[in-house]
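Participant: Let me begin by handing over the structure; questions about it come next.
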Amino acid sequence: MDDLSHYSVIEHARGGSTLEIRALRPEDRVGLLAAVDQTSAQSLYRRFFGARRRFTDKEIRFFLDVDFASHVALVATAEHEGEHAIVGGARYILTRPSQAEVAFTVIDAFQGQGIGGILMRHLIRIARLRGLTELAADVLSDNLRMLKLFEQCGLPLSKKREADAIHVLLRLTS
């Protein structure tokens, strides 16, 4: 699996939806922005640690400019409101040669169906293939779903409270 820009796997959410977990593509700009519009202010706050509804062109370019080496991004697509749409996303960005920071977002209508966990599984797989040994994340302390996702992913983890957030470190090696 050398060319991750063509990564694509079919999965099924707990609610029965068929998902395609695939690499984010440059042409996903409209779909990515539509997913942001389908995400509540609270969910965006938990993802970005602040009130966000709109992003600058520079931020959007950053989100879409993935090289699948130091910046890996996956999306979950499914049938939503009569069309095939992005319903979730996950990414990691290298912070050190063997460590990456991870982040996830699932639109509100699809939360609670295990999509975050599915995306996590695929990011872990890719990170291991790329030789990473740790994944890190900062999670708001009231974001219990995200904390639960990390606790249940099957990897050894450590947590450290930092102000209103919890720093999570997952070890990919046994």
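The values are calculated or read from the model by the stated rules, or taken from the named source; none is laboratory data. For clarity, every value in this text was computed on a predicted model and none was experimentally measured. For neighbour counting, all protein chains shown are included, and Cβ atoms are generated from backbone atoms with ideal geometry for every residue, glycine included.
Participant: Report those strands (runs of 3 or more DSSP E) wholly inside the stretch 1-82 carrying at least 3 residues which are hydrophobic (A, V, I, L, M, F, W, C) and modelled with pLDDT of 85 or more.
Facilitator: Numbers: elements: 8-12, 18-23, 71-80.
Here the list reads 18-23, 71-80.
Participant: Take the stretch 78-107 and flag every residue that is touching a strand residue (DSSP E or B) at 6+ places or on another chain (Cβ under 9 Å) and over 25 Å from residue 139 (Cβ atoms).
Facilitator: Passing the criteria: 79, 80, 84, 85.
Participant: In the set 170, 140, 147, 132, which member is under 16 Å from the mean Cα position of the chain (by Cα), of a type in the set (A, V, I, L, M, F, W, C) and at pLDDT 95 or above?
Facilitator: Working: 140 fails: at pLDDT 95 or above; 147 fails: at pLDDT 95 or above; 132 fails: under 16 Å from the mean Cα position of the chain (by Cα).
Just a single option satisfies the conditions, and that option is 170.
Participant: A further question follows. Which members of the stretch 94-132 meet the condition of being part of a loop (DSSP other than H, G, I, E, B) and more than 17 Å from residue 79 (Cα to Cα)? Lay out the reasoning, then the answer.
Facilitator: Our first condition is that a residue be part of a loop (DSSP other than H, G, I, E, B); within the stretch 94-132, this holds for 97-98, 107, 111-114, 130-132.
Passing the criteria: 97, 98, 130, 131, 132.
Participant: Under the condition of being touching a residue at least 60 places away in the same chain (Cβ under 8 Å) and either of a type in the set (Ser, Thr, Tyr) or touching a Ser or Thr at 6+ places or on another chain (Cβ under 6 Å) (or both), which residue from the stretch 98-153 is surrounded by the fewest Cβ atoms within 10 Å (Cβ to Cβ)?
Facilitator: Looking at residues that are touching a residue at least 60 places away in the same chain (Cβ under 8 Å) and either of a type in the set (Ser, Thr, Tyr) or touching a Ser or Thr at 6+ places or on another chain (Cβ under 6 Å) (or both), I get 108.
Participant: Within the set of pairs 6 or more residues apart or between chains, which connect a residue that is farther than 20 Å from residue 123 by Cα and assigned to a strand (DSSP E or B) inside the stretch 155-174 to a residue that is modelled with pLDDT under 95 and of a type in the set (A, V, I, L, M) with Cβ atoms less than 8 Å apart?
Facilitator: 160/166; 165/139; 165/140; 166/139; 166/140; 166/147
Participant: With the requirement that a residue be under 17 Å from residue 109 (Cβ atoms) and of a type in the set (Val, Ile, Thr), what does the stretch 1-27 give you?
Facilitator: 18
Participant: For residue 83, are the conditions met, namely being surrounded by fewer than 13 Cβ atoms within 10 Å (Cβ to Cβ), touching a residue at least 40 places away in the same chain (Cβ under 8 Å), among the acidic types (Asp, Glu) and under 20 Å from residue 22 (Cα atoms)? So that I can check it myself, show each step before the final result.
Facilitator: Working: surrounded by fewer than 13 Cβ atoms within 10 Å (Cβ to Cβ): yes; touching a residue at least 40 places away in the same chain (Cβ under 8 Å): no; among the acidic types (Asp, Glu): yes; under 20 Å from residue 22 (Cα atoms): yes.
It is false that residue 83 is surrounded by fewer than 13 Cβ atoms within 10 Å (Cβ to Cβ), touching a residue at least 40 places away in the same chain (Cβ under 8 Å), among the acidic types (Asp, Glu) and under 20 Å from residue 22 (Cα atoms).
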